[in-house]
Amino acid sequence: MNRRITLADIAKRAGYHPTTISMALRNHPRLPQATTKKIQELAKEMGYQPDPALGALVAYRRNASPKQQAAPLAYVTKWDTEWGWKKTNTHLSFYEGAVSRARELGYKIDHFWLGQPGVSHQRTNEILLNRGIRGLIIASHMPGSDEEPALDWSKFSSVKIDFVPTRLHVHTISNDQRAIVQLAFKKALKAGYRRIGFVLPHWYDSYVNNAWSAGFLTSQLQVPEEDRIPLKFFHTSPGTNSGVPVTEFEQWRLKHRPEVIISYSEFVKSAFEMLQIQTPDDFAYIDICPETKDGSNAGVFNNCTRVGELAVEILAGQLQQNQIGLPQYPTVTKVEGTWIEGESLPKRELATSAANH
């Protein structure tokens, strides 16, 4: 068996102290990039591989040692007001998950609002650096606020929750909206429904790279063309809690006669009340963003808290490896939803054959 290549072996070959070798392999920012690149290329050539057992021991000792002051991570938002995003349960859950996981990993979350009057992005950048903040979570940007924050990304490790701003190419963590709709559609078929409608505001779909509509349109391939109800977008103010336009919704419903409607309650609840609609008497209903698991509505719980937790975990991994700056190959990590049985989707006697596949 070949002997494992050590830091001392690389140091002897490169002519550097083992400490310098260790710093280079961890992408330490204090080393010149040219030195880091040279040492990393040599380590690769020599066949160096980190010892995972040793890495686990180092992590154990770090966690077992007396706790020092928690290192700060920045939670950077851009809503119409500093805390306006908290009115949306999804965004609040992202934040709560991040705060909780940060505490468990020895970090703390500091909130930064990019809409602060009189505070430029350049000034925000200076404040972040002066406070010793090296990790950024970009989250809760208003739909339409697609401008990339003018920060010096070469100084930070960063991740993004959801897809806005789209021009910022960092590692992204999001709910799996496409799979959520596909699961809802599958459950509707399994319960015996054929004519399945999907209604939502247009901005809600574009905010997540059209993942909602993609999930619905691909699911429709499972049913005969005569049972496919066209996807219905409504144009409402982006980022607001505006409900579905009642008259337009009722016209669509009477024209297509859906047996089940997929949407989210915050959007359709007021229309249901004004039209005195009772689910499942008038039609069955599936909520793609339920806030509770009480069983009143069938739906797919989004597990948004887990999205926030994962954002911290991925960012912490970057910080531990000194991965600073924009990644060459950004990745997207998606969190699946969890199906919730509910009274709004009772089973029919006959199920479609498509549900059995």
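Per-structure values
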item: Residue in the stretch 243-257 that is at pLDDT below 95, hydrophobic (A, V, I, L, M, F, W, C), on the phi < 0 side of the Ramachandran plot and part of a loop (DSSP other than H, G, I, E, B) present; result: yes
item: Qualifying positions in the stretch 23-52 - under 22 Å from K155 (Cβ atoms) and free of Cβ contacts under 8 Å to residues at least 24 places away in the same chain; result: M23, A24, R30, L31, P32, Q33, A34, T35, T36, K37, Q40
item: Test for V164: is it surrounded by 15 or more Cβ atoms within 10 Å (Cβ to Cβ), among the β-branched types (V, I, T) and assigned to a loop (DSSP other than H, G, I, E, B); result: yes
item: Members of the stretch 191-216 found to be aliphatic (A, V, I, L, M) and under 14 Å from I261 (Cα atoms), listed by number; result: A191, I196, V199, L200
item: Members of the stretch 321-342 that are in contact (Cβ under 8 Å) with a residue 60 or more places away in the chain and over 15 Å from A179 (Cβ atoms); result: Q321, N322, Q323, I324, G325, L326, P327, P330, T331
item: Any hit, the stretch 150-161, residues being in contact with a strand residue (DSSP E or B) (Cβ under 6 Å, 6 or more places away or on another chain), of a type in the set (D, E, K, R) and on the phi > 0 side of the Ramachandran plot; result: no
item: Unique match (being touching a strand residue (DSSP E or B) at 6+ places or on another chain (Cβ under 8 Å), at pLDDT below 95 and surrounded by 14 or more Cβ atoms within 10 Å (Cβ to Cβ)) among G115, G135; result: G115
item: Qualifying residues in the stretch 185-213 (those that are among the hydroxyl-bearing types (S, T, Y) and part of a helix (DSSP H, G or I)) - the one surrounded by the fewest Cβ atoms within 10 Å (Cβ to Cβ); result: S206
item: Residue among R103, R13 that is over 19 Å from the mean Cα position of the chain (by Cα), surrounded by 14 or more Cβ atoms within 10 Å (Cβ to Cβ) and either modelled with pLDDT of 85 or more or among the charged types (D, E, K, R) (or both); result: R13
item: Flag for G97 being surrounded by 14 or more Cβ atoms within 10 Å (Cβ to Cβ) and more than 19 Å from the chain's Cα centre (by Cα); result: no
item: Residue list for the stretch 262-318, filter: assigned to a strand (DSSP E or B) and surrounded by 20 or more Cβ atoms within 10 Å (Cβ to Cβ); result: I262, S263, A284, Y285, I286, D287, A298, G299, V300
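Conditions (1) in contact (Cβ under 8 Å) with a residue 40 or more places away in the chain; (2) not in a loop (DSSP other than H, G, I, E, B), marked per residue:
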residue	(1), (2)
D110	no, yes
L128	yes, yes
I133	yes, no
I138	yes, yes
S145	yes, no
S154	yes, yes
S158	yes, yes
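Residues are listed down the side, and each one gets a yes or a no for (1) in contact with a helix residue (DSSP H, G or I) (Cβ under 7 Å, 6 or more places away or on another chain); (2) at pLDDT 95 or above; (3) under 30 Å from V268 (Cβ atoms); (4) crowded, with 18+ Cβ neighbours inside 10 Å:
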position: Q323; (1), (2), (3), (4): no, no, no, no
position: G337; (1), (2), (3), (4): yes, yes, yes, yes
position: E341; (1), (2), (3), (4): no, yes, yes, no
position: P346; (1), (2), (3), (4): no, yes, yes, no
position: L350; (1), (2), (3), (4): no, no, yes, no
position: S353; (1), (2), (3), (4): no, no, yes, no
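The values are calculated or read from the model by the stated rules, or taken from the named source; none is laboratory data. In this text the structure is predicted, and so the values were computed from the model without any measurement. Cβ sites come from the backbone with ideal geometry, for glycine too, and all protein chains shown count toward neighbours.
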